[in-house]
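**Student:** Let me give you the structure first, and then I'll get to my questions.
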Amino acid sequence: MTELYGLTPGQLSELSTSLGWPKFTGAQLTQWLYRPPFAEIEDMNNISKARRELLASSFTVGRLAPKECRTSRDGTKKYLFESPQDGAVFEAVSIPDQQRHTLCVSSQSGCKRGCAFCMTARLGAGRNLSVGEILSQYQSIPEYEQISNIVFMGMGEPLDNLDNTLAALDILTKVCGLSTRRITVSTIGILAKLEEFLEASPVRLALSLHSPFAQERESFLPAEKLNPAREIVSMLRNRREDKRRRITIEYIPFAGLNDSPRHALELTRILKGLMIRVNLIPWNTIPGTSLQSSDPRRVEAFRAELERGGVPTTIRVSRGQDIEAACGMLAGETNPA
Ligand code: SAH
């Protein structure tokens, strides 16, 4: 059985013509798959019964439901998904707030990038999620219709799964009707892929920088070696990308490592003239590293230094820590209880 969920509108229209049906039937399938009321094949009542029966003989919808949900004291929910094909696990985190309800989705099960501060890195490479697996994290959760914003900040590096990420973004913005201003893709910045991403998608960008100094960044973010943050920032500058979309720099202050005035000064220098904001992310401690998070007063001082240099800076409020749902804590573990 082939799954329909995850096929792009283009692929659904090709499927339709390959069966000798009008393209229009492909458009109807697109609506049934990605817009409520979602339907199983037999209930797609504007498609003839004969066609539905033929479809159902070799296809299923195949939207994946979460296997488990944990709820944090602060209302954050973490959903665990497990592929019935190979058992790969991935997670989505639903974060209600006063003005918005953000969903954080995964692009991979595991990650090959080996960032020293991130729990997902401990899983190793894992695999890319399919388009259907990415979209299921959104459309299979009970509060789906409340979601106002989507961030690709869960497990994995979206640019290492660029094709599926782009296809999912296309469906989210063009079929599901989410605004490109309400979607953010977070990346460590893989140079070649980043340019392709910027050409293909107008959604917002978050760049995980964490240090303005190459050697230091490389010491905890090995991808720096082939993808220097400086080159990424100058590429964004040359393309005037900051004028086209909101760009945020993500920066985890670590005690005595990257949180000094010297760091704030250098960061200010490389961002000079760009309309880019910095988001300081308090580190969620994970075991087995010597890294330590900066204390809140130090983070506040770092923020003030960046602001003095003219860089708008916010401090992220961490959510869902008690259920390992906060940034960098996603490792596909099932409920210990
Ligand atoms: N691979 C992408 C997206 C996933 S991580 C990226 O790195 O951008 C999303 C954000 O969480 C990144 O900014 C990442 O640096 C941050 N992060 C990772 N581990 C963390 C941790 N333990 N505590 C706080 N933030 C973390």
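The values are calculated or read from the model by the stated rules, or taken from the named source; none is laboratory data. Since this is a predicted model, take the numbers as computed values, not measurements. Backbone-built Cβ (ideal geometry, glycine too); neighbour counts: all protein chains shown. Heavy atoms of the whole protein, side chains included, go into the accessibility calculation; ligands, DNA and RNA do not. Shrake-Rupley method; radii C 1.70, N 1.55, O 1.52, S 1.80 Å.
**Student:** Scan segment 309-337 residue by residue and report those that are open to solvent by 30 Å² or more (accessible area, probe 1.4 Å) and not in a loop (DSSP other than H, G, I, E, B).
**Tutor:** Residues satisfying the conditions are 314, 315, 321, 322.
Conditions (1) in a helix (DSSP H, G or I); (2) more than 18 Å from the chain's Cα centre (by Cα); (3) away from the ligand (no atom under 16 Å from the Cβ), marked per residue:
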| residue | (1), (2), (3) |
| --- | --- |
| 25 | yes, yes, yes |
| 30 | yes, yes, yes |
| 79 | no, no, yes |
| 86 | no, yes, yes |
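**Student:** What is the number of the single condition among (1) within 23 Å of residue 93 (Cβ to Cβ); (2) in contact (Cβ under 8 Å) with a residue 24 or more places away in the chain that residue 287 does not meet?
**Tutor:** Result: residue 287 passes all but (2).
**Student:** Here's something else I'd like to know. What about residue 238, is it of a type in the set (S, T, N, Q) and surrounded by 16 or more Cβ atoms within 10 Å (Cβ to Cβ)?
**Tutor:** No; evaluated as a whole, the condition is false for this residue.
**Student:** Further question: Of all residues being touching an Asp or Glu at 6+ places or on another chain (Cβ under 9 Å) and within 30 Å of residue 321 (Cα to Cα) in segment 22-65, which is most open to solvent (accessible area, probe 1.4 Å)? Just the residue, please.
**Tutor:** It comes out as 63.
**Student:** May I pose another question? Do we have residue 277 as surrounded by fewer than 19 Cβ atoms within 10 Å (Cβ to Cβ) and within 16 Å of the ligand (Cβ to nearest atom) here?
**Tutor:** yes
**Student:** Going by the structure shown, is residue 245 assigned to a loop (DSSP other than H, G, I, E, B) and among the basic types (Lys, Arg)?
**Tutor:** Yes.
**Student:** A further question follows. Mind checking whether some residue in segment 124-139 is closer than 18 Å to residue 79 by Cβ, within 16 Å of the ligand (Cβ to nearest atom), at pLDDT below 95 and not in a strand (DSSP E or B)?
**Tutor:** Yes; the residues of segment 124-139 include at least one that is closer than 18 Å to residue 79 by Cβ, within 16 Å of the ligand (Cβ to nearest atom), at pLDDT below 95 and not in a strand (DSSP E or B).
**Student:** OK, next. Looking for whichever is over 24 Å from residue 160 (Cβ atoms) and part of a helix (DSSP H, G or I) here; the options are 217, 230, 297, 277. Which one fits?
**Tutor:** That would be 297, the only listed residue that is over 24 Å from residue 160 (Cβ atoms) and part of a helix (DSSP H, G or I).
**Student:** Okay, next question. Taking residue 306, is it of a type in the set (A, V, I, L, M, F, W, C), outside any helix (DSSP H, G or I) and in contact with a strand residue (DSSP E or B) (Cβ under 9 Å, 6 or more places away or on another chain)?
**Tutor:** no
**Student:** Quick one: how many residues across segment 82-106 are in contact (Cβ under 8 Å) with a residue 60 or more places away in the chain and open to solvent by less than 10 Å² (accessible area, probe 1.4 Å)?
**Tutor:** 5
**Student:** Further question on the same structure: Here's a check for you: in segment 107-123, which residue that is outside any loop (DSSP other than H, G, I, E, B) and more than 9 Å from the ligand (Cβ to nearest atom) is surrounded by the most Cβ atoms within 10 Å (Cβ to Cβ)?
**Tutor:** Of everything passing the filter in segment 107-123, 109 is surrounded by the most Cβ atoms within 10 Å (Cβ to Cβ).
**Student:** For the subset of segment 180-206 comprising residues that are touching a strand residue (DSSP E or B) at 6+ places or on another chain (Cβ under 9 Å) and more than 16 Å from the ligand (Cβ to nearest atom), which member is most open to solvent (accessible area, probe 1.4 Å)?
**Tutor:** Looking at the filtered set, the residue picked out is 181.
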